[in-house]
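The values are calculated or read from the model by the stated rules, or taken from the named source; none is laboratory data. For clarity, every value in this text was computed on a predicted model and none was experimentally measured. As a convention, Cβ positions derive from the backbone with ideal geometry for all residues, glycine included, and neighbour counts pool all protein chains shown. Accessible surface areas use protein heavy atoms only, side chains included; no ligands, DNA or RNA. Shrake-Rupley method; radii C 1.70, N 1.55, O 1.52, S 1.80 Å.
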Amino acid sequence: MTAAVRTYRPDDFTALRDLTNAGGGPRVMTDTALREFLDYPWFAPETDLFVVPADGGPGLAGARDIRVWARGDEPVPILESWGARDERLGDGQASALFRAMLARAGQIVTARGADRGTVQVRCDTNDTRAIALFESFGLRPARVLLSILRPTLDGLNPAQFPPDIEVRPYRVGRDEEAWVRAFNEAFADHWGGFMGMSLPLWNRYVRRPWFKPEMSLVAWDGEEIAGFGHFVINDEQNELTGTKRSLMRYIGVRPRWRGIKLGVALTRAGLIQSCERGMKACASGVDSENVQGAHHIYEREGFVTTKRHWLYRTEVPV
């Protein structure tokens, strides 16, 4: 195979969607989702996304991007790379894609005035080809992340909120700054620092057509956000995959309000909302070593582990 690495062009959109969806299943990406994926703060597909055209055939054989992750203002920038491939991508081409990504990562770190940065990538723990690729570039496994699922929404526990906590749907155009502050405080002790949220990203997120404020619950203690339970129902995705599944995207509690089972109540409330809107299951993801024991809390609420993923990391070469 001789096709060379190049940067993304707008006319690659359909081929990139098809490559991303080549495996089928619940991870299928709709056109809307791909457009949103490419519309990300500090990310320019024409410079930050690399592709390999299929050699002697239509479409793309591989793709890999690099983007600033977390809040975006960390002294040591955190960057994350996503990739997709099919059986037509050779090992040499996969290495060339990865090499191009790392070179671009170094440029991004330098442009931000930092002398070093961190790049992280993810793969299933049984993806031996990806593991070999990452380790050939000196990346090392840093964490195990879990995909979890509540396979049915039967037998849900009632949501009991602590006294003085008022739970309201998210208010688009009013809650953004307070919500982002609460999010970053709630996840400040998350391992690796990559669970930060930037205001530019969240401003875009809540204005997506599928965002449902009633599925994004905010727990208020007076004028302060104590915690939040953000769930997603993507009707377009469910229609394409033939499922009725919600996504438990974020459950967060600020340190001052921990120890009163607020996170449990927000989890249960979001599951109840999902069930009331006709969903049959709920998916999520969690760090296997979360310092607050979130994995075990979700297990008690009926979630089971469906996949395990490696998070690999390395220092950005600059």
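Numbers at a glance
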{"item": "Extension gain (nm, one decimal) between Thr125 and Glu276, 0.36 nm per residue minus Cα-Cα", "result": "50.9 nm"}
{"item": "Computed helical MRE - 222 nm, the chain, DSSP H runs ≥ 4 contributing -39500 (n - 2.57), nearest 500", "result": "-9000 deg cm²/dmol"}
{"item": "Accessible surface of Thr32 - all protein chains present, 1.4 Å probe, nearest 10 Å²", "result": "40"}
{"item": "The chain, accessible surface, carbon-and-sulfur percent (1.4 angstrom probe)", "result": "50"}
{"item": "Inter-part distance where region 190-244 and region 120-185 are each reduced to a Cα centre, Å", "result": "10"}
{"item": "Amide H contacts of Arg71 (H built 1.01 Å from N, under 5 Å, at least 5 apart or other chain)", "result": "Gly196, Met197"}
{"item": "Dipole of region 164-295, positive end: most advanced residue of Pro169, Ala186, Gly222 [Cβ charges, Cα centre]", "result": "Pro169"}
{"item": "Selection from Ile148, Val51, Gly113 lying farthest towards where the dipole of region 40-170 points positive, charges on Cβ", "result": "Gly113"}
{"item": "Listed residues Phe98, Ile297, Ile131: farthest to the positive end of the dipole of the chain (Cβ charges)", "result": "Ile297"}
{"item": "Å² per residue, accessible surface of the chain at 1.4 Å", "result": "47"}
{"item": "Calculated FRET value between Thr152 and Arg208, using beta carbons and R₀ = 35 Å, to 0.05", "result": "0.80"}
{"item": "Net dipole in debye of region 147-239 [+1 Lys, Arg Cβ; -1 Asp, Glu Cβ; about Cα centre; nearest 20]", "result": "320"}
{"item": "Charged-residue dipole, Cβ positions (Lys, Arg, Asp, Glu), the chain about Cα centre, Debye nearest 20", "result": "260"}
{"item": "Ranked order, Asp221, Asp287 - accessible area, probe 1.4 Å, largest first", "result": "Asp221, Asp287"}
{"item": "Length-normalised contact order of region 216-318 in % [C-alpha pairs under 8 Å, at least 6 apart]", "result": "22"}
{"item": "Cβ charges +1 (Lys, Arg) and -1 (Asp, Glu), total dipole of region 66-178, debye", "result": "360"}
{"item": "Nearest-0.05 FRET efficiency for Thr14 and Ala111, computed from C-beta distance (R0 41 Å)", "result": "0.85"}
